[in-house]
1. Which condition number does ALA211 fail, the rest of (1) surrounded by fewer than 15 Cβ atoms within 10 Å (Cβ to Cβ); (2) away from the ligand (no atom under 11 Å from the Cβ) being met?
2. Can you find even one residue in region 153-176 that is within 21 Å of LEU21 (Cβ to Cβ) and of a type in the set (D, E, K, R)?
3. Residues to consider are VAL110, VAL131, VAL73, VAL127; find the one that is open to solvent by less than 50 Å² (accessible area, probe 1.4 Å) and either modelled with pLDDT under 95 or within 15 Å of the ligand (Cβ to nearest atom) (or both).
4. Please determine whether any residue of region 9-17 is open to solvent by 40 Å² or more (accessible area, probe 1.4 Å), within 19 Å of the chain's Cα centre (by Cα) and more than 20 Å from ALA158 (Cβ to Cβ).
5. Consider LEU120 carefully, then state whether it is within 19 Å of the chain's Cα centre (by Cα) and away from the ligand (no atom under 14 Å from the Cβ).
6. Search region 132-158 for residues being touching a residue at least 60 places away in the same chain (Cβ under 8 Å) and among the polar types (S, T, N, Q), and hand back the single one that is nearest to ASP205 (Cα to Cα).
7. For region 191-210, how many residues are more than 30 Å from PRO126 (Cβ to Cβ) and touching a residue at least 40 places away in the same chain (Cβ under 8 Å)?
Amino acid sequence: MTITFITGANKGLGHETARRLIEHGHTVLIGARDPERGAAAAAALGARYVPIDVTDDASVTAAAADVAAHEGVVDVLINNAGVHGPYGDPGTLTGAASLAVFDVNLAGVVRTTTAFLPLLHRSADPVIINVSSGMGSLARTHDPDRPESRVVAPLYTASKAALTMLTTQYAKAFPGIRVNAADPGYTATDLNGRTGPQTVTEGTDAIVALATEGPGAGSGRFVDRTGEIAWS
Ligand SMILES: NC(=O)c1ccc[n+]([C@@H]2O[C@H](COP(=O)([O-])OP(=O)(O)OC[C@H]3O[C@@H](n4cnc5c(N)ncnc54)[C@H](OP(=O)(O)O)[C@@H]3O)[C@@H](O)[C@H]2O)c1
């Protein structure tokens, strides 16, 4: 039985990842910050709801304690929760806005990973998947043939670039854990006002592939739905 914990799983890509991994036979724990939305999503999918706000140390610690008490182990941790941050004139961005985006997209992953590491260490084949973005890739945002090169979103892209580096560092730091990053691709969710051309099923292909591959698959990879992509 594979125990999989997903942050931000009440909607969007996290919710679809949960649905698909349940189909694959995983026992999925729905992490979500809002109790009503989280419990409703878990009930709809046949999963267990675990409250977690990734910006709140106490909430993250309590989530790990909850899982320790109930399941006692986590095989797959999917750090999916993310925010875009403010749209609009980049000349009006504030320090507070940048800290808020990085608090979810980077510090949230650090908090959650640190709290869940003891549970992952109890797994025979532990996996961490960080849901990053091609928008955090220097190569993709500078390739005129790529859609990522035509978007200006300073805080989101910077936070995802930081998350990809965090992923490679964690892959080196935790040799006993497969730590990889997924780029879902541009997908219609609330994050982008449902403007993305992909469905959430297409957008979760890379995450599901990383969550279901067997022991021996590599660590420190960046994967989209077509396969491995360059970090830089
Ligand atoms: N959609 C795309 O095109 C795309 C492309 C590349 C990467 N991604 C990444 O995919 C991930 C999922 O995004 P999505 O597109 O599915 O967006 P979404 O539908 O807006 O879902 C985001 C999820 O993150 C949760 N969340 C936000 N802040 C949180 C916090 N402090 N604590 C816990 N949960 C929090 C949200 O919960 P609430 O409902 O409570 O707000 C929601 O469940 C993000 O990391 C995003 O950057 C998306």
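The values are calculated or read from the model by the stated rules, or taken from the named source; none is laboratory data. Values in this document were obtained by computation on a predicted structure and should not be read as measured data. For neighbour counting, all protein chains shown are included, and Cβ atoms are generated from backbone atoms with ideal geometry for every residue, glycine included. When the accessible area is computed, the model is the full protein with side chains, heavy atoms only, and any ligands, DNA or RNA have been set aside. Shrake-Rupley method; radii C 1.70, N 1.55, O 1.52, S 1.80 Å.
1. Against the list (1) surrounded by fewer than 15 Cβ atoms within 10 Å (Cβ to Cβ); (2) away from the ligand (no atom under 11 Å from the Cβ), ALA211 comes up short only on (1).
2. Scanning region 153-176, I find no residue that is within 21 Å of LEU21 (Cβ to Cβ) and of a type in the set (D, E, K, R), so the answer is no.
3. Working: VAL110 fails: open to solvent by less than 50 Å² (accessible area, probe 1.4 Å); VAL73 fails: either modelled with pLDDT under 95 or within 15 Å of the ligand (Cβ to nearest atom) (or both); VAL127 fails: either modelled with pLDDT under 95 or within 15 Å of the ligand (Cβ to nearest atom) (or both).
Of VAL110, VAL131, VAL73, VAL127, the one residue that is open to solvent by less than 50 Å² (accessible area, probe 1.4 Å) and either modelled with pLDDT under 95 or within 15 Å of the ligand (Cβ to nearest atom) (or both) is VAL131.
4. At the first step, the residues of region 9-17 found to be open to solvent by 40 Å² or more (accessible area, probe 1.4 Å) are 11, 15.
Checking which are within 19 Å of the chain's Cα centre (by Cα) leaves us with 11, 15.
Now drop any that are not more than 20 Å from ALA158 (Cβ to Cβ), which leaves 11, 15.
Yes, that holds for at least one residue.
5. Working: within 19 Å of the chain's Cα centre (by Cα): yes; away from the ligand (no atom under 14 Å from the Cβ): yes.
It is true that LEU120 is within 19 Å of the chain's Cα centre (by Cα) and away from the ligand (no atom under 14 Å from the Cβ).
6. For region 132-158, the residue satisfying everything is SER132.
7. To start, the set of residues in region 191-210 that are more than 30 Å from PRO126 (Cβ to Cβ) comprises 192-197.
Then drop every residue that is not touching a residue at least 40 places away in the same chain (Cβ under 8 Å), which leaves 192.
Count: 1.
One line per residue, one yes/no per condition, for (1) open to solvent by less than 40 Å² (accessible area, probe 1.4 Å); (2) closer than 18 Å to ALA162 by Cβ:
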| position | (1), (2) |
| --- | --- |
| PRO35 | no, no |
| ASP57 | no, no |
| ALA81 | yes, yes |
| ALA96 | no, yes |
| LEU99 | no, yes |
